[in-house]
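Heads up: the structure comes next, in structure tokens.
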Amino acid sequence: MEVLKSKTLKISEEKDLLNIRGLIREYAGEIGLPEIFKVKLLTATSEVARNVLKYAGSGRITIRILSDINKGIEIICEDNGKGIDDVDAAMKKGFSTSGSLGLGLPGARSLVHVFHIDSKLSVGTRVRMIVWRK
């Protein structure tokens with residue numbers, strides 16, 4: 001798999017989400033990502049980035065254009081927060097530690113082709129998502 005283009009942005013305040021969404025739109029246009037996949041990726045990324053703000057306070061997001069058999073967009077969202085106590089529980093619909101509906105991470109997973117989460121207590125959380133142009 002080859003990385004054709006990559007940019008890392010900070011996540012430290014709500015307005016950063018606008019820059020992230022703009023870059024995803026730009027990259028999606030460059031590879032001809034179908035509108036439905038673009039909307040799904042924007043939604044999933046917004047959810048994960050908002051979690052960074054809510055639970056870790058700040059982090060970073062790397063957005064890449066990938067080329068393999070097909071082209072796609074990869075999102076890597078990382079923070080140095082407290083981590084997730086139970087990733088399996090957090091990935092179940094309805095689970096929440098903050099009184100929300102508990103649809104964030106499982107919803108994001110359902111919107112993308114590849115979803116992987118790695119979280120270590122006192123170290124932070126890393127979420128990797130990919131949407132392929134089909």
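The values are calculated or read from the model by the stated rules, or taken from the named source; none is laboratory data. What you are looking at is a predicted structure, and each value in this text was computed from that prediction instead of being measured. Note that we place each Cβ from the backbone using ideal geometry, even for glycine, and neighbour counts take in every protein chain shown. The protein model used for the area step is the full one, side chains on, heavy atoms only, and it has no ligands, DNA or RNA in it. Shrake-Rupley method; radii C 1.70, N 1.55, O 1.52, S 1.80 Å.
When Ile36, Ile84, Ile69 are checked against the criterion of being hydrophobic (A, V, I, L, M, F, W, C), open to solvent by 70 Å² or more (accessible area, probe 1.4 Å) and not in a helix (DSSP H, G or I), Ile69 stands alone in meeting it. For segment 1-33, a residue qualifies if it is in contact (Cβ under 8 Å) with a residue 60 or more places away in the chain, open to solvent by 40 Å² or more (accessible area, probe 1.4 Å) and of a type in the set (A, V, I, L, M), and the qualifying residues are Met1, Val3, Leu4.
Please verify whether segment 66-75 includes one or more residues that are under 14 Å from the mean Cα position of the chain (by Cα), at pLDDT 95 or above and among the hydrophobic types (A, V, I, L, M, F, W, C). Scanning segment 66-75, I find at least one residue that is under 14 Å from the mean Cα position of the chain (by Cα), at pLDDT 95 or above and among the hydrophobic types (A, V, I, L, M, F, W, C), so the answer is yes.
Of the residues making up segment 116-132, those that are surrounded by 18 or more Cβ atoms within 10 Å (Cβ to Cβ) and either free of Cβ contacts under 8 Å to residues at least 40 places away in the same chain or not hydrophobic (A, V, I, L, M, F, W, C) (or both) are Ile117, Ser119, Gly124, Thr125.
Inspect all residues belonging to segment 98-110 and state whether any of them is closer than 22 Å to Asp16 by Cβ, part of a loop (DSSP other than H, G, I, E, B) and not charged (D, E, K, R). Within segment 98-110, one or more residues are closer than 22 Å to Asp16 by Cβ, part of a loop (DSSP other than H, G, I, E, B) and not charged (D, E, K, R).
Ile61 passes every criterion in (1) over 20 Å from Lys134 (Cα atoms); (2) surrounded by fewer than 19 Cβ atoms within 10 Å (Cβ to Cβ) apart from (2).
Screening Ser96 against (1) of a type outside the set (D, E, K, R); (2) crowded, with 17+ Cβ neighbours inside 10 Å; (3) modelled with pLDDT under 95; (4) farther than 20 Å from Ser122 by Cβ leaves a single unmet condition, (2). When Glu47, Glu74 are checked against the criterion of being charged (D, E, K, R) and in a helix (DSSP H, G or I), a single residue qualifies: Glu47.
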